[in-house]
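Worksheet: the structure to be examined is printed underneath.
The values are calculated or read from the model by the stated rules, or taken from the named source; none is laboratory data. Not measured: the values here are computed from a predicted model. A quick note on method: Cβ atoms are made from the backbone with ideal geometry, for glycine too, and the neighbour counts reach across all protein chains shown. Only protein heavy atoms, including side chains, enter the accessible area calculation; ligands, DNA and RNA are left aside. Shrake-Rupley method; radii C 1.70, N 1.55, O 1.52, S 1.80 Å.
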Amino acid sequence: QLQASGGGLVQAGGSLRLSCAASEITFGMRNMAWYRQAPGRQRELVATISRTGSTDYTDSVKGRFTASRDDAKNTGYLQMNSLKPEDTAVYYCNLPKMGIFSDAWGQGTLVTVSS
């Protein structure tokens, strides 16, 4: 089970840090992803962080967003800086399917960036 938090309303140029707390004891063994879904749009992959800490980002957030993880706390983070109105979306954390372990999703946290 994943619990996402940290969303809110912020002005353009501001920052937010999303957290995703996992009850999964396998958290440290698994890659993690952040997705977002804006109104009327498909869910898109925003960032990934591997179990070894390697990260990758969609082009639109490169240089502004940073994914990290603290395996001791079973928690992943998405630091979002220089936010833009087009970043407005519900953000979801995900542990992709791995072996016998199912795909897991957080409930989503709303980020609203005002211009």
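Odds and ends about this structure:
- Filtered residues of region 80-104 (kept if farther than 14 Å from T26 by Cα, open to solvent by 20 Å² or more (accessible area, probe 1.4 Å) and touching a Leu at 6+ places or on another chain (Cβ under 8 Å)): V90
- Test for L110: is it closer than 15 Å to S19 by Cα, assigned to a strand (DSSP E or B) and open to solvent by 50 Å² or more (accessible area, probe 1.4 Å): yes
- Near pairs, Cβ below 8 angstrom, 6+ apart or cross-chain, from region 72-87 (touching a residue at least 12 places away in the same chain (Cβ under 8 Å) and more than 16 Å from G6 (Cα to Cα)) to any residue that is assigned to a helix (DSSP H, G or I) and hydroxyl-bearing (S, T, Y): E86/S60
- For region 27-61, residues that are open to solvent by 40 Å² or more (accessible area, probe 1.4 Å), in contact (Cβ under 8 Å) with a residue 24 or more places away in the chain and of a type in the set (G, A, S) total 1.
- Annotation: of all residues in region 1-26 being modelled with pLDDT under 95 and open to solvent by 80 Å² or more (accessible area, probe 1.4 Å), the one that is nearest to the chain's Cα centre (by Cα) is Q3.
- Of the strands (runs of 3 or more DSSP E) that lie entirely inside region 1-82, those containing 2 or more residues that are closer than 22 Å to A104 by Cα span 2-5, 16-22, 32-37, 44-49, 55-57, 65-70, 75-80.
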